[in-house]
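The values are calculated or read from the model by the stated rules, or taken from the named source; none is laboratory data. Not measured: the values here are computed from a predicted model. Counting neighbours? That spans all protein chains shown, and the Cβs are built from the backbone with ideal geometry, glycine included.
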């Protein structure tokens, strides 16, 4: 590998209440919903888009891995959303797994992420699962919504220059086009399926998963969301090691 550091990240998001949007926005967001079930489905999908959702948590692990040496975790932590906090203020708490997390409003959360990324970017590979299609563009557009200029452009790397940002969801299906519904050799599986297939403990094993993050957030269980997010990040690193050992052919 070219760089000694590996910056692994993952985000968790929660949809905004329908009521905060004006009439025209609501009509646009619910367009095509013919039944109450359709409407509820569209509201749940708010969490998937950066202008109808906010970031509840960003989990980060920084690994140092020099050739011929064991990988070492040199930094890890979670940025957690607390909408009651004043911009610029940070409260540090300890998660049940012993990892330190930082509570702040979303503006401060995003500023903290870009600052930390900037510290390592020039000497690091970025590692994610589905980060090119979801996490990276979400972070960038959500930052714009908060009047923050991202410190790095995470979405402009060409596929043939992809060694900087290693998106395992794409690497493991060989960047096959249109493979989301493909049932063949280049089928694109979700993260949980890959983890179970390669014997990696599933981040969902303790009950929290992407589908119930909104429920946990509404109940004030942000620490449990952060712990789940950190399990995701560590499992992403374990999946990366599989890819690197068996499928990485570039230097």
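Could you figure out which of (1) closer than 24 Å to residue 191 by Cβ; (2) in a helix (DSSP H, G or I) isn't true of residue 144?
Tallying (1) closer than 24 Å to residue 191 by Cβ; (2) in a helix (DSSP H, G or I), residue 144 fails exactly one: (1).
Considering only residues that are out of contact with any helix residue (DSSP H, G or I) (no Cβ under 9 Å at 6 or more places or on another chain) and either part of a strand (DSSP E or B) or touching a residue at least 24 places away in the same chain (Cβ under 8 Å) (or both), which ones fall in region 95-106?
Of everything in region 95-106, those that are out of contact with any helix residue (DSSP H, G or I) (no Cβ under 9 Å at 6 or more places or on another chain) and either part of a strand (DSSP E or B) or touching a residue at least 24 places away in the same chain (Cβ under 8 Å) (or both) turn out to be 100, 105.
Among the numbered criteria (1) buried (at least 21 other Cβ atoms within 10 Å of the Cβ); (2) touching a residue at least 60 places away in the same chain (Cβ under 8 Å); (3) outside any strand (DSSP E or B), which one does residue 67 miss?
Only one criterion is unmet by residue 67, namely (1).
Mind counting the residues in region 114-127 that are in contact (Cβ under 8 Å) with a residue 60 or more places away in the chain and buried (at least 19 other Cβ atoms within 10 Å of the Cβ)?
Residues flagged as in contact (Cβ under 8 Å) with a residue 60 or more places away in the chain and buried (at least 19 other Cβ atoms within 10 Å of the Cβ) within region 114-127 amount to 6.
Would you mind listing the helices (runs of 4 or more DSSP H) fully within region 188-251 where at least 1 residues are farther than 25 Å from residue 43 by Cα, out of contact with any strand residue (DSSP E or B) (no Cβ under 6 Å at 6 or more places or on another chain) and modelled with pLDDT of 95 or more?
Here the list reads 191-197, 222-247.
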